[in-house]
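Notes follow the structure.
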Amino acid sequence: MAARLLDLNRRTAVAAAATALIVSLVGQPIAHGVVANRSAAPSTYRSALSRPHHDSVYPGKGSTSVDALQYSLDLTWDDFDRELTGDASILFRAAKDESRLTLDLGTALHVSSVTLDNLAVPTKHPGNKLVIETGDLAESSKHYLDVSYHGVPRAARAPTRRSDVPAAGFTTRRSDQVWALQEPYGAFTWYPVNDQPADKAYYDITFHTRKDWRGMTGGKLVSDKVVGEQRVTRFRQDAPAASYLVALGIGPYREHSDVGPHGLPITYWVRHSDRKFLPQLRRTPHMLRWLEKRLGPYPFASAGVIVEPMASAEETQTMVTMGTSVLRQPYGRQDLLHEFAHSWYGDTVTPQDWRDLWLNESFATYIQLRWEVAHYGGSMRHVRHFLARYDQRLRNEYGPPGDYHANDFAELNVYYCGARMLDRLHQKIGNRAMWRLLRRWPQRHHYATVTRAEWIRFVNHQTGHDYSHFIRHWLMAKRSPK
Ligand SMILES: [Zn+2]
């Protein structure tokens, strides 16, 4: 997730000039059955097959009965009345034999109709849950659920004390522009969703806005046109995404193009008033080349950055979300590198359970530290000293990195303590073996969700040594490992 100012001593040992060291949080083809006239969809959904489960940190979010394969959303934002009108068409697989499905959907949104395979079905909307009486569904059968809704979206409380993340989900500012930071959850504030990292799906989103604005998300821009008094933009993700990685921005954005390694199309969506940040954003091709050299090919078909008027940043898939407050800081560039590192660690391979947030943040932080040493001088010896100095304090304050407090989501323990573990592993197995590990893990788990046990098995298999105790100890110890 997004960037946060350290309340620790933020001077990194990496370089004198130094820029403060910051951490960013900052198949089988599916028969479409009886439903016709659906939006264009990938011909196969094998990559979107998921293992939905009860999240151990946030069990109130998500559903074990739905494996969403594609969300097709048609959204109209009325910035005068601040009202969102949505039609969601969700292609899903029944994850088990079921007669009732549950999705996450904010209470501020009023549901006007729900159909399952074109037939109206009874629903209830208690709390932030949409409960759908489906009749008997067999495990692994595929269906379309269509939900029409409207309302004035309300952001949710984010489970963190971080001052840069005041809310989760759909957020409006005084100008009525819209954005969303939705890690660990928050997509439910603007569409019906299985809002957990374990369930990845494809996305096809159409926005209707006033004609001088644009609705934005990740993926490929399929169309962008003015129809009467409205602008209609449509984006399609070419790879499945977890709901927390879906970007959202609605406002007066302008398009700036760039080209990355191997001709990778890159787009920066920036308001005219924020164009001063473009030179920073144009470092993206260099960053991606540096990352590719170490982590293997960039895992998606496009990349980009959307600059939003907020205080944090997030690795939203194929379209990194950067807050203006972050870009204004001297460490904005490192933060951008951190978010792009998440393309490999977080986006293509994603933790199945929020308990393993360290699988994202420790790796992105470790890679960021290597970048800082390579670009700003200093040495890993200094970084080691810095990490060791704060490890105990972070474990005391927020818990060990593999068992953080639920109301301290994305605090510095999952960044620094886990990065320190990776550095120690690096020292044990050597440079070649470490970069081989870092490169192979996302390649082996392309578009997948993974568990802690799978990471441990992978390390043991790749190195030929049993590091199970070492890894578990570093993740779970209340006392700082020596
Ligand atoms: Zn991060």
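One residue alone among 369, 394, 412 is within 16 Å of the ligand (Cβ to nearest atom), at pLDDT 95 or above and more than 22 Å from the chain's Cα centre (by Cα), and that residue is 394. Residue count for region 405-428, restricted to those that are assigned to a helix (DSSP H, G or I) and farther than 28 Å from residue 201 by Cα: 14.
Yes/no per residue for (1) farther than 14 Å from residue 255 by Cα; (2) surrounded by 21 or more Cβ atoms within 10 Å (Cβ to Cβ):
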site	(1), (2)
190	yes, yes
200	yes, yes
212	no, no
223	no, no
229	yes, no
232	yes, no
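Residue-wise test of (1) of a type in the set (Asp, Glu); (2) touching a strand residue (DSSP E or B) at 6+ places or on another chain (Cβ under 7 Å); (3) within 14 Å of the ligand (Cβ to nearest atom); (4) outside any loop (DSSP other than H, G, I, E, B).
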{"residue": "270", "(1), (2), (3), (4)": "no, yes, no, yes"}
{"residue": "290", "(1), (2), (3), (4)": "no, no, no, yes"}
{"residue": "293", "(1), (2), (3), (4)": "no, no, no, yes"}
{"residue": "304", "(1), (2), (3), (4)": "no, yes, no, yes"}
{"residue": "311", "(1), (2), (3), (4)": "no, yes, no, no"}
{"residue": "318", "(1), (2), (3), (4)": "no, yes, no, no"}
{"residue": "333", "(1), (2), (3), (4)": "no, no, no, yes"}
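Scanning region 335-350 for residues that are in a helix (DSSP H, G or I) and either at pLDDT below 95 or of a type in the set (Phe, Trp, Tyr) (or both) yields a single hit, 340.
Assess whether residue 172 counts as being β-branched (Val, Ile, Thr) and surrounded by fewer than 24 Cβ atoms within 10 Å (Cβ to Cβ). So residue 172 passes the test.
With respect to the stated conditions, residue 423 is under 16 Å from residue 364 (Cβ atoms), crowded, with 16+ Cβ neighbours inside 10 Å and among the acidic types (Asp, Glu). Scanning region 389-404 for residues that are under 26 Å from residue 441 (Cα atoms) and part of a helix (DSSP H, G or I) returns a single hit, 391. For region 311-326, the candidate set comprises residues that are buried (at least 24 other Cβ atoms within 10 Å of the Cβ) and aliphatic (A, V, I, L, M); within that set, the residue that is farthest from residue 369 (Cα to Cα) is 319.
One residue is enough: does region 126-134 have a residue meeting the conditions buried (at least 16 other Cβ atoms within 10 Å of the Cβ) and under 30 Å from residue 325 (Cβ atoms)? Scanning region 126-134, I find at least one residue that is buried (at least 16 other Cβ atoms within 10 Å of the Cβ) and under 30 Å from residue 325 (Cβ atoms), so the answer is yes.
The values are calculated or read from the model by the stated rules, or taken from the named source; none is laboratory data. Quantities reported herein were computed from a predicted structural model and do not represent experimental measurements. Note that each Cβ is placed from the backbone with ideal geometry, even for glycine, and that neighbours are counted across all protein chains shown.
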